[in-house]
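Please read the structure below before turning to the comments.
Please treat every number below as a calculation from the coordinates, not as lab data. Just so it is clear, the structure is predicted and the values come from calculations on it, not from any experiment. Heads up, the Cβs are rebuilt from the backbone with ideal geometry, glycines too, and the neighbour counts pull from every protein chain shown.
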2 protein chains.
Amino acid sequence: MSQIGTLATVARSSSGESVLERVVRVLEAFTPSDRALTVGELSRRAGLPAATGSRMVADMVEHGLLARDADRRVRVGTRLWELASRASPTLSLRELAMPVLEELHGHVGHHVQLGVLDGEQVLFVERLSADQAVINYTRIAARLPLHASSSGEVLLAHAPADLQEQVLAGPLARFTPFTITDPAVLRRRLADIRRDGFVVCCGFLHPEATGIAVPVRDEHRQVAAAVSVIVPNDERARDHIAPLAAAARRIEQRLSAP
Amino acid sequence: MSQIGTLATVARSSSGESVLERVVRVLEAFTPSDRALTVGELSRRAGLPAATGSRMVADMVEHGLLARDADRRVRVGTRLWELASRASPTLSLRELAMPVLEELHGHVGHHVQLGVLDGEQVLFVERLSADQAVINYTRIAARLPLHASSSGEVLLAHAPADLQEQVLAGPLARFTPFTITDPAVLRRRLADIRRDGFVVCCGFLHPEATGIAVPVRDEHRQVAAAVSVIVPNDERARDHIAPLAAAARRIEQRLSAP
């Protein structure tokens, strides 16, 4: 049976794709702005023939990975969210940090974020926002490039050398006139972050917003995350550095507690 | 190609299991207290032969659904969390409610929770806690039975009649001497909840904790969630009813806003 089981596990279509590849492509078709799709839209986005897409959706709905709306559009299933979340190391970090993030948010207002390095980007595992907050491009489970965000610069400053060189080799996309796109400037900034323990990014992603980030170290003193605030790009922005650094220390204490 | 693709999608082992069934069983093997497992443990929990389990893990790691630790133990992958979260309706509700939950938590302390009905249980999509809070059994993405939790009773009171009858038919598990296990008493409580708009559960799950919950209605006036607080089981518990009801109204305004 284990032989047959193994065969089934790696079952591939004529295009050489495994079922798992298709599951991932179907899930990738959804975005924060397209949370519900028709089966046709979903199949096209996932690059699946209509009949295959339809069958795939039926199978995924049956197992709770997707769910159908009253109007037959398809969404990410609650069961998938539950399975992905309840034992997730990502959520574990977030839960430990949350009381500190809430306190910081009560103090700073605007946006408070917790991000981790994933591939060549920062992935945000938490964002607390206020209704009247300054503009911000992140969401929970959203990504930003490392060179253009304060969390990203902090994570890149402490990343393995080969990842740093890969990012420095470019291209470094420009979002505003203030985005750092010169590798030599970025390299100096990374050294400054390692020395200072924080970074201030004024208008890198939007001219009116300043990001400030500090590293959060785990019990082995490795940088595990970055905590950041997004505040208006004005003369008071730097007032938030000290409370942010204090919050990072408290998160570190919680990470290292038995 | 679509024929062959369809065949691959539903590829089954000799036990009649599809790849998707196995994916779900592998993910179900992880729990909040067992976030990292060896491949052997994982295979046993998922009921897979060792070779199949090993191959399944390798495939899932390759696609980011699982990740391996430095010590080769396996965890839920960050990529899976990202795919399940970024377009999740669950997280969308949670994000809209979050500023209100934070404000309520600043006021009440202890635990503030947001739960939705899923199957015959309440699934918690958010929990905010304080370090010195009274005992609480929930976690994010954890479940509780409908009859024994304040959120559960609120959701059950507004659930379809067939689900109500199914739960009332029992069995109604007892957690403390105060848990409601008499269907006639539970039926009266559900009517009271529909009349009063809130419920107070003193010691149903733990003798020292009181849960208080109110419904949150969507733009069609359907109950979409329950917001609840867990506070010490003392004479001041009922003081939290009014702030909780006010918070639910503010969440409803946000859900109905364009």
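Structure notes:
- Total formal charge among the other residues, if their Cβ is under 14 angstrom from that of A:F204, Lys/Arg +1 and Asp/Glu -1: -1
- The spacing between segment B:175-201 and segment A:15-94, judged by their C-alpha centroids, is 37 Å.
- 3J(HN,Hα) from dihedral phi, segment A:57-65, Karplus parametrisation 6.51/-1.76/1.60, rounded to Hz, x for glycine, proline: 4, 4, 5, 5, 5, 4, 9, x, 6
- Contact order relative to length of chain A, as percent, for alpha carbon pairs under 8 angstrom and 6 or more apart: 14 percent
- When the alpha-carbon atoms of segment A:54-153 are used, the pair Rg, Dmax equals 16.8, 51 angstrom.
- Over 25 Å [Cα-Cα, chain A], rounded percent: 53 percent
- Inter-copy label distances at A:E62, shortest first and taken from points set 7 Å along Cα to Cβ: 2.4 nm.
- Counting, for every residue in B:114-123, the Cβ atoms of other protein chains within 10 Å of its Cβ and taking the mean gives 2.
- A:R238 label point (Cα plus 7 Å toward Cβ) to equivalent points in the other copies: 5.6 nm, shortest first.
- Label points for A:L96 are taken 7 Å from Cα along Cα→Cβ. From this copy to the others they lie 3.4 nm apart, shortest first.
- Chain B: angle of helix B:89-108 to the longest principal axis, Cα-based, in degrees nearest 10: 40 degrees
- Multiplying the residue separation of A:D71 and A:R174 by 0.36 nm and removing their Cα-Cα distance gives an extension gain of 33.0 nm.
- Comparing A:A225, A:A169, A:A209 in a Gaussian network model of chain A, where Cα atoms under 10 Å apart are tied by springs, the biggest mean-square fluctuation is seen for A:A169.
- Remark on A:G77: its backbone amide H falls under 5 Å from those of A:L66, A:A67, a criterion applied only to residues 5 or more positions apart or on other chains, H modelled at 1.01 Å from N.
- Radius 13 Å from Cβ of A:L168, net charge of other residues (Lys, Arg +1; Asp, Glu -1): -2
- Cα-Cα pairs of the protein assembly as shown separated by more than 32 Å (percent): 48 percent
- Average beta-carbon neighbours from other chains, 10 Å sphere, peptide B:34-47: 1
- Sequence ranges A:119-127, A:92-100, ranked by mean other-Cβ count within 10 angstrom, highest first: A:119-127, A:92-100
- GNM remark for chain A: springs join alpha carbons under 10 Å apart, and the peak mean-square fluctuation among A:T179, A:T78, A:T90 falls on A:T78.
- Helix-only [θ]222 nm of the protein assembly as shown, DSSP H runs n ≥ 4, -39500 (n - 2.57) each, per residue, nearest 500: -13500 deg cm²/dmol
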